[in-house]
Structure formats: structure tokens, C-alpha cells
Amino acid sequence: MPGIAGLSCKAGRGGKGRTLNFDYTDDQKALKDEARRFLADASPLTVARGVLDNPEQGYDKELWARIAEQGWCGAAIPEAYGGHAFGYVELCALAEELGRALAPVPFASSIYQFAESVLHAGSEEQKKAILPAIASGTSIGTLAVTEGPGALSVKRLAVRFENGTLTGEKLPVADGMVADKAVVLAVSSNGPRLVLVDLTGSGVTREAVSTLDPTRGAARISFENAPAEQLGRDGDGFELLQRIYDRAAVLLSFEQVGGSDRALEMARDYALERYAFGRPIGSYQAIKHKLADVFIRNEVARVSAYLGAWALSSDASELPVAAASARIAGCSAFWLAAKENIQTHGGIGFTWEGDCHFFYRRSRHLGLAIGPAKEWKRKLTDRLEVQRGAARAEGKAA
Amino acid sequence: MNFEDSPEEAAYRAKVRSWIAASKPDLQELPVDQRLVWTDGHKNAMRQWQATKSDAGYACITWSKESGGAGGTQIEDVIFSQEETAAGIHDPYYITGLKMLIPAIRKFNDDPKSLARVPPAVRGEEIWCQLFSEPASGSDSAGLRTMAVRDGDEWAINGQKVWNSGAAHADYGLLITRTDPDKPKHKGLTAFWLKMDTPGLEVRPIKTMGGDSELNEVFFDDVRIPDDQRVGEVDDGWSVVITTLMNERAAIGQSAGLTWSDMMDLGASVPTDDGTVMDDPAFRDFIADLYVDAEARRLIGFRILTAISRGEPPGPEGSAGKLIWSGLTQGLGSEAVDLLGHYGIVQDSELSPRGGAFQQRFLWSAGLRIGGGTDEIQKNVIAERVLGLPGDVRVDKGVPFREIPSGR
Ligand SMILES: Cc1cc2nc3c(=O)[nH]c(=O)nc-3n(C[C@H](O)[C@H](O)[C@H](O)COP(=O)(O)OP(=O)(O)OC[C@H]3O[C@@H](n4cnc5c(N)ncnc54)[C@H](O)[C@@H]3O)c2cc1C
């Protein structure tokens, strides 16, 4: 797509001298193609099915090892902390491919959430101590936030961090059975804090819980005076979490785009091959318009994710707004694509043996991972209000 | 038009409510894994329940007493099933037989052998399944290929059916076959009823995406059916299909499940900073929309019953009712898991609200949009039969069945 905004170059709002190249660069495309080829071989849907049918595994170990070998875990981790520093857009490209492959691995927990938490909020020593093993994939991390039903709230947090120990219960923790480290949101006498804990250490008990998407396992984790340390020196944990969530939202939105594209392709392929009333079902406008609607939502998700990638990779002040829109568009695209993929397949789409339900499950797994779209809609409108207020104040001052 | 119970109806409601409360099966006595539908434990409990209803005159309320019913009214039937639902009874085993298939068989056959199947069905001793769909014939229900070839007084059946609800638990089935592939597709079909343990017939359960095995494949390898089990005339099976599908639309109009009041309970149980989700204006809007659709669907069900009680065929409002139902059910499942936030991914009989019923609904609703006529087919029905818009260009019309393009 020549002519639309390079993710690598700044497509800032002013428009002064901006290059219009809103797409991956050639190098990024090459990386993405390579990732697609690699995953087509290493992560066909039979791998996801293997975990679905044996949910106690929690993830596919061999696939994780192969992904780690590719260096993907360290894609956005600086070299000083053992990473490969390809860049965030590159990480986004990989996320898109992992989403498309429905890879049953804890990449989202360990990289978009845990590594981003440490990078964003950790101290220099913590980064040095923890990130190299994350970047090499030998260690798996996760972010433990949720404690019960409903929107996340500081007021209702019960897990406590006191005198260097953590007490209370988190449920559900994504990839909580397979991670060895977690960043935990907890309350302390100084307010909410992000805290690092070794999940293999003392005072930690975990139990697998079944979820809508068994290809990405989850746990209930209880802490009883588990030794823990604060992530970074200070900062309100809830505020920090919001910034980490913004970063994760962009990365997750690429997984959503990849998954939505794949679901649409499956539906398109089936619509070409399946006949009813002597015609391919794809020749009926009901199916054509359905798939065209899915395509439109996928495009909305794609461009929103691209803008998010640009904001993430350039630490732009637009990130909070761009991340929230990418999140909202990604959730709605993947849900639509996943459910209409089943619908296009008819009865076969409703079976366990068919692959359609993987996408249905994964779309909701990703859609709830850092809070549902409805919470992000509220955030987005709040942020737009702030942004507009600031722009007006600037206008007045000038 | 009056939707309030009349004094007699209110009295009937009070009577059946207390009878149901006193007589209903106690599923809690079953092992946890046997409380689910389509398990043997659940099925046997419902079998017992059907017998209890039959003894008390509450099975097939609208049927005449001679045919095992209670000689009651449509309204009484509706009131009874409302009260059954309110009492938490979910029974998918008998609707197919008693509301769809047996009435169709009785419309076409009045021989003693066919009629002998009625009383045991009413008493719950015999469960029925619908053997219509095939791998290459779902929406296109006349496109079926299972062949029946006449051999003296019998027919030899070969072929395959699929998506047959409850076939693994059924004692009898209503089968549609092709008897003349040289006629246009609607013209060469013939219907039969048969025992599910007839030699040569094999049922293989299909695991659905929700994890249960409601659906099945049914294979026919030279299955022999005597000609006196034929339903209707030879090559007139399409009339049997249409009758059954009409009955299905009417029956679907009545079935229930989680609805707005369950969503209000859920909303009230999920905390927010200063109250519960019930205080959230967006959620309140959602409940209002859900209520309007759920009520509309219920009332459309009444319109269908009104037509039936006047002896008219139910109109295409059944399609509207089904579409509203499938849409609101998927919307309900989706909203329910979302309002739980990240916790919504948990699907666990102890940790999830209502033992995971909302997550189950989230998954199951995907099939509701397909079974009993897909969303798209229902919309075509409305566009073509209600609005009078021209049908799609048909490449299969008037063409001998053998010559219709099939994609494989
Ligand atoms: C839960 C469940 C229970 C069922 N129970 C039974 C049962 O008990 N007995 C039984 O015999 N069958 C049963 N079925 C089968 C059901 O009737 C079929 O699955 C359904 O009719 C769709 O057929 P199909 O699966 O072959 O999909 P297809 O007909 O192949 O449809 C695929 C897609 O194409 C669309 N499509 C097809 N034709 C058109 C058109 N003309 N215009 C626009 N779009 C079109 C469909 O809407 C769908 O989106 C059940 C199915 C389910 C899911």
C-alpha cells in the first residue's frame, strides 16, 4: 500500500512534512512474512486443539520453546536487559501473526503484560535481574490483577502488600499455572502498588481454573505472606497499571486483528466451497454482506491498531487515546468475525471438531484480558474530554 | 386482547404451580455430572417427570383425552410451560416428538400401527428425534440424498443424517428420504417413522462447541423399513417436512431460558465502586432493550398460538420470533460475560455465577442461530413471504435432483 503512513515514521497530527506511508516497512513486512511461515509450520490449529483437549497443559511447551528460539520474546526488550530490541512495531507484527495462528502460548501474559510492567515501572536492578530470562523465554511472567466479578476497582482490592509480603487471592490469573513470576496489583499502607512475586516461592498456592478459552490457561492464586518486592520505587500502582494496560491494549489489538483476519478467511473459503440450493453460499447477498461487514470492522481494527503501534513505538502523547480506540475496535472486530464465521459455517461451525469455536473462545479471552471494551469506552471518552479541554486551553493561551 | 390471566386462568396457574412444586423431580439428588441435559441421569429424571405429568393430565394439555391429552386449552398449555420454566425444569427430550413429529404423523397417518406410538410418547416412555438434515442438506432441506428403494413390502434405506438432536437418546425417529432422484428435488421425497434400534442404523454422537453431545450423526446401511411405517404418500415427503417445520416454529416460540430477570439478578450481584452494575445507566439501557425483545418474542408466540387455536397455519411471524430470540440470546450471553469483567472468562460450576450458566449460554447461543433454520433463512422467509420480495434466482428449480450443482 504505497501512500499510507509508515508505522516507522511519525504520522503526527500537525501534518507538517509527514510522509504518508501508513503501513509496515519492507523490513517489517519481511519479518511478518517469515513469522507467518514459521507459525504455519510450528502452530497449525492442531496445536491449539492439543491444548484444548488437554487443558491441564495450559500451553504448548514445544511451541513456546520454538518461539523463544526465534528471539520473539525479546523483540521489544532493550539489549541491555537481554532483549533483541527489534522495536515495538516489530513486536506488533509478531503479535498479529500469533493472533492469526491462535498460538496456545503465554506470550500475551509474559511479554505484553509482564515484561511491559517491568520495563515501564521496574527499577534498573529489577530490569537487569528479571528481563533476560523473560527475553529468552526461559522464564514466564504474568500480571495478576483481577480478584472477582466486575470492573477493576482500587476500592475493592483485597490483596495486601505489607512488610515485604503479599497476602490474598487473585482470580483469574491468565497463564497463572505456567508462569513463574507475576506482577501483582495490591494495596499497601501507601495506596495501591505493583508488586513482584516469585510464583514458585513460599506462601504461594495455585490451582487451575477452567475458562472460556482453555488454550490459554488460567489460575486461582492464593498468597499467604509470600515474599514480594515493590516494582520500582514509587508511584501509584493503579496509575501505573493504566499505562501498562495502554501498552498491552495496542499489542493485544494486533492479536485481535490477526485472529479476525483468519476467521474472515475461513468464512470466505467456506462460502466459496459450500453449496446450498445448487449455488455456493457465497453467492447469496446475505453471506456477501455479512462478510463485507466483517471486513469493514477488521479494517477499522487494523488502522486503529496501526495508529496505536505508532504511538507505542514513539512514546507519543497520543498513546492513551490511540490505545483505547485500538482496544475497542479490536474487541468488536474479533467478536464479529468469530461469531459470523460460525454462522457462515452452519452446523459444522457449532461442533467441537470444527475449528470455528477456537476463534469464538479466543475473541472473548482477549476481549476480557485487560477489561472488556465497555470499560475502555468509558476511558476513551474521558480521555477525549481531557484532550479536548487541553486543546481548548492551548488555543485560548495562544 | 387480554394478557392478564382471567380469573379462571389465574386459578389454573395457582393450581399447576402448587402441583409442580409438589411433584417436580429433584435434580439435586443426582450426581453433579448427571444434572446436565443429555446425560442419562437427567434424561431418566425427565422421563419420570413426563410420566408423572401424564398421570395427572398435564402432558399434551391441548390434545383430546382419547389421544392421551387433557382436552385443555392453548392458554393452559402456555401457563403450564411457563410455570415449569419458572420452577427450573428444562426438558428438551419431548418437545421434538410431542410438539413437532407426532402431530405431523397424525396429520398424515391414521392406521392403528402409527397411532399406537402416540400413548407411549405422551407418557414419556418413547423419545423421538428428527432425522432430516444431512451433510449436504441443511438450509436446503429438500436437497437430501439418503435413498429409500422399494423392495416388496419394505424399503431399503442407505445414507446419512446429521445434526439430529437427541438421536442417541431417542427410541423413534421421523426420517425423510429420497425415493425419486429423477424428479425435481421437492417432488421425490418420502417420509417414514422408524425405531432407532432397527438393524443397520448407527448413531454417533457429535460433541458440540459447548462440550455436550446433544447432536448426532445417524448412518443407514441397508436399513429395512416396512411400508406401513411410511408417513403420507410416496414422493410426498415434502408435505411432511413443511408440516413439521411449521410445528417447530410454533414450538420454538415457547421455549425459554435465561432472560432479562436473570440478567438483573446478575447485574445486582456484581459490585461497582458505589453500588452494583444495576446502577450503571448503560446496563439499565441494555436491560430495557432486552426486556422489550424478550417480551415481544413471548407475545409473538401468543400470536402463533392464536392462529393455531383458530385452526390457521402459523404465519411467518414465527421467523421474526426466532430471529429475535437467537439475537437476544447471543447478546445476553455476551453481555453477561462482559459485565463480569476479566472474571467472565471463568467457566466453573462453583466459581461462576449460576454455576457457569451464562458462559454456557454464551457458547450455546451460537448454535441457536443455526438450528431450526438459520438467521439468514429466517430473514429470507420474511423478505419473500411477508414482504413479497422476489426470491433468489434458483438454479435448482424444476431440475432433476441428480443434475443440481452440489460443489462436490
Ligand atoms: C443446535 C442444533 C440443533 C439441530 N437439530 C436438528 C435436528 O434435530 N434434526 C435435524 O434434522 N437437523 C437439526 N439441525 C440442523 C439444522 O437444521 C441445520 O444445521 C441448519 O438448517 C443449517 O444447515 P447447515 O448446517 O447445512 O448449513 P448451510 O445450510 O450449509 O448454511 C451455511 C450458511 O449459509 C447460509 N445460507 C444457506 N442458504 C442460504 C440462502 N439461500 N440465502 C442466504 N444464506 C444462505 C446459512 O444461513 C448459513 O449461514 C440442528 C442444528 C443445530 C445447530
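Every number in this text was worked out from the coordinates using simple rules, so none of it is lab data. Owing to the predicted nature of the structure, the values given are computational and were not obtained by experimental measurement. Neighbour counts are summed over all protein chains in view; Cβ atoms, including those assigned to glycine, are modelled from backbone coordinates with ideal geometry.
Quick notes on this structure:
- For the stretch B:301-408, the equivalent ellipsoid derived from the alpha-carbon gyration tensor has semi-axes of 36, 21, 12 Å in decreasing order.
- The helix-based estimate of mean residue ellipticity at 222 nm for chain B, built from -39,500 (n - 2.57) per DSSP H run of four or more residues and divided by its residue count, is -12500 deg cm²/dmol to the nearest 500.
- Packing-based ranking, highest mean first, of A:50-63, A:247-260 given that Cβ atoms within 10 Å are counted: A:247-260, A:50-63
- Estimated dipole of chain B in Debye, rounded to 20 [Cβ of Lys and Arg +1, of Asp and Glu -1, Cα centre]: 980
- Between the alpha-carbon centres of the stretch B:355-372 and the stretch A:277-320 there is a gap of 26 Å.
- Gaussian network model of chain A, Cα within-10 Å springs - most flexible of A:Ala65, A:Ala305, A:Ala115: A:Ala65
- Taking other C-beta atoms within 10 Å as the exposure proxy, A:Cys331, A:Cys73 rank A:Cys331, A:Cys73 from fewest upward.
- By the count of neighbouring beta-carbon atoms within 10 Å, fewest first, A:Met177, B:Met264 end up ordered B:Met264, A:Met177.
- Within a Gaussian network of chain B (alpha carbon springs, distance under 10 Å), most fluctuating of B:Gly373, B:Gly321, B:Gly341: B:Gly341
- Chain B: angle of helix B:40-55 to the longest principal axis, Cα-based, in degrees nearest 10: 90
- Percentage, to the nearest whole number, of Cα pairs in the protein assembly as shown over 45 Å apart: 33
- Between the beta carbons of B:Arg303 and B:Ile382, assuming R0 = 22 Å, the FRET efficiency works out to 0.95 to the nearest 0.05.
- Our summary gives chain B a relative contact order of 12 percent, counting only alpha carbon pairs under 8 angstrom and 6 or more residues apart.
- Note on the stretch A:239-397: Cα convex hull, mean projected area over all directions, 10.9 nm².
- Phi to ³J(HN,Hα) by Karplus 6.51 cos²θ - 1.76 cosθ + 1.60 over the stretch A:120-125, Hz, x for Gly, Pro: 7, 10, x, 7, 4, 4
- This ranking places A:Asp261, B:Asp279, B:Asp33 by how few other beta-carbon atoms lie within 10 Å of each, fewest first, which gives B:Asp33, B:Asp279, A:Asp261.
- Cα convex hull volume per residue for chain B (Å³): 165
- Prolate/oblate/rounded label for chain A (Cα gyration tensor, a/c 1.5): oblate
- MRE, 222 nm, helices only [DSSP H, n ≥ 4, -39500 (n - 2.57), over chain A, to nearest 500]: -17000 deg cm²/dmol
- Helix B:281-309 axis, angle to chain B major axis (alpha carbon atoms, nearest 10°): 40
- The stretch B:77-164 shape via C-alpha gyration tensor axes, a/c threshold 1.5: oblate
- Neighbouring partner chain Cβ atoms per residue of A:340-348, average, 10 Å criterion: 5
- Relative intensity of the stretch B:7-91 on a log10 scale, I(q)/I(0) at q = 0.24 Å⁻¹, equals -1.19, per a Debye sum over C-alpha point scatterers of equal strength in the absence of solvent.
- Max mean-square fluctuation residue, GNM over chain A, Cα-Cα springs under 10 Å, options A:Val105, A:Val154, A:Val89: A:Val154
- Cα-based reach from B:Lys185 at 18 Å (exclusive), listing lysines while leaving out same-chain residues under 8 positions away: B:Lys161, B:Lys397
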